[in-house]
Structure formats: structure tokens, C-alpha cells
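The values are calculated or read from the model by the stated rules, or taken from the named source; none is laboratory data. Note that the coordinates shown come from a computational prediction; the quantities given were computed from them, not determined experimentally. FYI the Cβ positions are ideal-geometry reconstructions off the backbone, even for glycines, and counts take in every protein chain you see. Heavy atoms of the whole protein, side chains included, go into the accessibility calculation; ligands, DNA and RNA do not. Shrake-Rupley method; radii C 1.70, N 1.55, O 1.52, S 1.80 Å.
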Amino acid sequence: QVQLVESGGGLVQPGGSLRLSCAASRNIFNIDVMGWYRQAPGKQRELVATITGGGSPNYADSVKGRFTISRDNARNTVYLQLNSLKPEDTAVYYCYARDFILEYWGQGTQVTVSS
């Protein structure tokens with residue numbers, strides 16, 4: 001089992017940047033996939049980005065070229081760098097982990113993009 005704790009959300013102006021962190025409660029080197037999803041008010045939760053244990057990233061089309069996912073296995077942490085933020089990026093961002101057939105979610109961190 002693994003607990004996930006997100007941090008780094010906040011209020012930022014359009015065009016700004018944030019870095020989200022997801023700290024895991026145990027070693028993540030053998031966790032198949034980790035990543036980030038988001039959910040805006042009135043919308044379904046959607047994939048933002050994932051990264052495999054081997055470091056291969058995958059991004060939603062809406063964030064390609066603006067967001068970067070990375071993982072630091074030594075720190076048991078996954079990061080999401082958000083650049084060139086837009087108002088439509090406003091959402092609660094959730095950390096996600098898939099360990100074989102088990103899935104884990106964090107509690108979420110709010111990102112608000114507004115002038």
C-alpha cells in the first residue's frame with residue numbers, strides 16, 4: 001500500500017508557473033505508473049500526465065509542451081511542472097499511482113489560474 005500527498009498548488013496568473021509535488025509513503029522505484037489527473041468543477045476527472053517506472057512520460061494533448069512530469073525515485077516523489085498556465089487549467093490536481101492491479105490516489109491540490 002502507498003499513501004500519496006500532494007503539495008504546491010495555489011493561485012497564479014495566466015502565463016505563470018507552478019510545480020506540484022507528490023510524496024509517496026514508500027519506495028516508488030517499482031511502482032509501474034505514477035502520474036497526475038485533474039478535475040475541474042462540473043467536469044470529469046481527466047488524465048494530465050503519467051510516467052512509467054522507466055521514466056517514459058505521457059501527456060494529455062491539452063498540456064503537451066507546457067507541463068513536464070518527472071519522478072525522483074530516491075526521494076519517493078513525482079513532480080509536475082506547470083508552465084504557461086491558462087484559466088482552463090484551473091482544477092484540483094490529483095496524484096495517482098498504479099502498482100500492479102492496485103490504484104492509489106492522493107487527496108488533491110487546488111490550482112487556480114486567474115488574473
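Look through region 38-52, keep the residues that are without any contact (Cβ under 8 Å) to a residue 60 or more places away in the chain and among the charged types (D, E, K, R), and return whichever of them is farthest from residue 21 (Cα to Cα).
The extreme case among them is 43.
Is one or more of the residues making up region 61-68 surrounded by 20 or more Cβ atoms within 10 Å (Cβ to Cβ), farther than 14 Å from residue 36 by Cα and touching a strand residue (DSSP E or B) at 6+ places or on another chain (Cβ under 6 Å)?
No, the conditions are met nowhere in region 61-68.
Can you tell me how many residues in region 18-38 are open to solvent by 60 Å² or more (accessible area, probe 1.4 Å) and closer than 19 Å to residue 84 by Cα?
1
From (1) polar (S, T, N, Q); (2) closer than 23 Å to residue 114 by Cβ; (3) surrounded by 16 or more Cβ atoms within 10 Å (Cβ to Cβ), pick out the condition that doesn't hold for residue 50.
(2)
Which of the residues that make up region 74-105 are open to solvent by less than 60 Å² (accessible area, probe 1.4 Å) and of a type in the set (Val, Ile, Thr)?
Correct list: 77, 78, 90, 92.
So, in region 1-16, how many residues would count as being outside any strand (DSSP E or B) and open to solvent by 60 Å² or more (accessible area, probe 1.4 Å)?
Qualifying residue count, region 1-16: 4.
Show me the strands (runs of 3 or more DSSP E) found entirely inside region 33-115 where at least 2 residues are polar (S, T, N, Q) and under 14 Å from the mean Cα position of the chain (by Cα).
46-52, 67-72, 77-82, 109-113
Just the residues that are open to solvent by less than 40 Å² (accessible area, probe 1.4 Å) and in contact with a helix residue (DSSP H, G or I) (Cβ under 9 Å, 6 or more places away or on another chain), please, taken from region 106-115.
Residues satisfying the conditions are 111, 113.
Can you pull out the residues in region 26-52 that are among the small types (Gly, Ala, Ser) and either at pLDDT below 95 or over 24 Å from residue 76 (Cβ atoms) (or both)?
40, 42, listed by residue number.
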